[in-house]
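Colleague: Provided herewith is a single structure, encoded as structure tokens, for subsequent inquiry.
The values are calculated or read from the model by the stated rules, or taken from the named source; none is laboratory data. Source: prediction; values computed, not measured. Quick reminder, even Gly has a Cβ in these numbers, built from the backbone with ideal geometry, and neighbours come from all protein chains shown.
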Amino acid sequence: MKLLTYSLILSLTLFLISCGGTTKTSSLVDIKSISIDSSDIKIYSTQLSTQLSATVTYQDNTTADATKSVDWISSDTNVSTVAYGVVYPGLSNGGDANISIAYKDFNDSISVGVIKLMDYNITHADINATGSYTLEATGYFEDNTSQIIHRNIYWLADNSAIITLENDIYTITVIAGDTNVTAVVFNELNSTATTLAPKTITYSIN
């Protein structure tokens with residue numbers, strides 16, 4: 001009987017600990033204000049993400065990191081999404097959105113401008129023999145800059161080539177023969193995106 005009682009107490013304790021572990025954040029008290037630690041920002045429509053942070057100021061004028069304690073909201077998730085302060089470009093190729101934080105009656109916001117992709121090319125896949133290679137495309141943007149495309153791109157290949165994605169890097173494994181590799185940016189089925197024509201390059205391997 002004692003063993004049964006002990007087992008029930010232990011099970012209940014573990015259950016309560018488990019439930020407590022699912023709590024999102026601890027409560028903020030005696031708040032004076034909350035704020036996003038940045039002015040308005042710009043990101044590229046194909047970059048991975050950018051990190052924002054939030055600060056709470058208490059009534060005694062001390063401050064603390066509130067990045068994971070506040071709610072983060074995007075005014076237009078087609079343009080940009082946000083989670084725990086990490087801002088991602090959406091499926092739209094360019095646009096503007098507001099990123100806001102809120103906690104009870106406190107809030108703050110900034111604007112996010114997503115820089116439009118104007119053109120792109122497959123720029124790195126020096127395939128010259130059977131094996132595995134990194135796939136890469138460079139984007140050219142409306143602000144006259146260029147950079148590697150990391151987001152809103154997917155790759156296709158034929159001739160039994162295999163494309164894998166790991167740690168945000170696309171790798172292709174090819175065999176002998178002609179292999180057509182195609183890069184597609186944005187979701188061509190998404191009416192809010194400005195779709196650019198797919199780019200294809202052919203590699204001949206002996």
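Colleague: Name every residue in the stretch 90-131 that is β-branched (V, I, T) and either under 30 Å from D30 (Cα atoms) or touching a residue at least 60 places away in the same chain (Cβ under 8 Å) (or both), in order of residue number. Steps first, answer last, please.
Modeller: In the first step, residues of the stretch 90-131 are kept if they are β-branched (V, I, T); the result is 99, 101, 110, 112, 114-115, 122-123, 127, 130.
Passing the criteria: I99, I101, I110, V112, V114, I115, I122, I127, T130.
Colleague: Scan N144, N121, N107 and give me the residue that is in the same structural domain as T46 (by TED's automatic domain parsing) and either of a type outside the set (K, R) or assigned to a loop (DSSP other than H, G, I, E, B) (or both). Outline the logic, then answer.
Modeller: Working: N144 fails: in the same structural domain as T46 (by TED's automatic domain parsing); N121 fails: in the same structural domain as T46 (by TED's automatic domain parsing).
The conditions single out N107.
Colleague: Something else now. Taking the stretch 26-66, which residues are in contact with a Leu (Cβ under 8 Å, 6 or more places away or on another chain) and either on the phi > 0 side of the Ramachandran plot or among the polar types (S, T, N, Q) (or both)?
Modeller: Those that are in contact with a Leu (Cβ under 8 Å, 6 or more places away or on another chain) and either on the phi > 0 side of the Ramachandran plot or among the polar types (S, T, N, Q) (or both): S38, S45, T46.
Colleague: May I ask you to say which residue of I162, I172, I148, I201 is under 22 Å from the mean Cα position of the chain (by Cα) and of a type in the set (A, V, I, L, M, F, W, C)?
Modeller: It is I148.
Colleague: Mind listing just one residue for me: the one in the stretch 147-176 that is part of a loop (DSSP other than H, G, I, E, B) and free of Cβ contacts under 8 Å to residues at least 60 places away in the same chain and, of those, farthest from I43 (Cα to Cα)?
Modeller: As a first pass, look at the stretch 147-176 and keep what is part of a loop (DSSP other than H, G, I, E, B): 149-152, 158-161, 167-168, 175-176.
Now narrow it down to the ones that are free of Cβ contacts under 8 Å to residues at least 60 places away in the same chain: 158-161, 167, 175-176.
Working: D158: 33, N159: 36, S160: 36, A161: 33, N167: 20, I175: 38, A176: 40 Å.
Residue satisfying both the conditions and the ranking: A176.
Colleague: Filter the stretch 177-188 down to the residues that are polar (S, T, N, Q) and in a strand (DSSP E or B) and list them by number.
Modeller: Listed by number, the residues that qualify are T179, N180, T182.
Colleague: Can you tell me which condition W72 does not meet? The list is (1) assigned to a strand (DSSP E or B); (2) surrounded by fewer than 17 Cβ atoms within 10 Å (Cβ to Cβ); (3) touching a Phe, Trp or Tyr at 6+ places or on another chain (Cβ under 7 Å), and all the others hold.
Modeller: (2)
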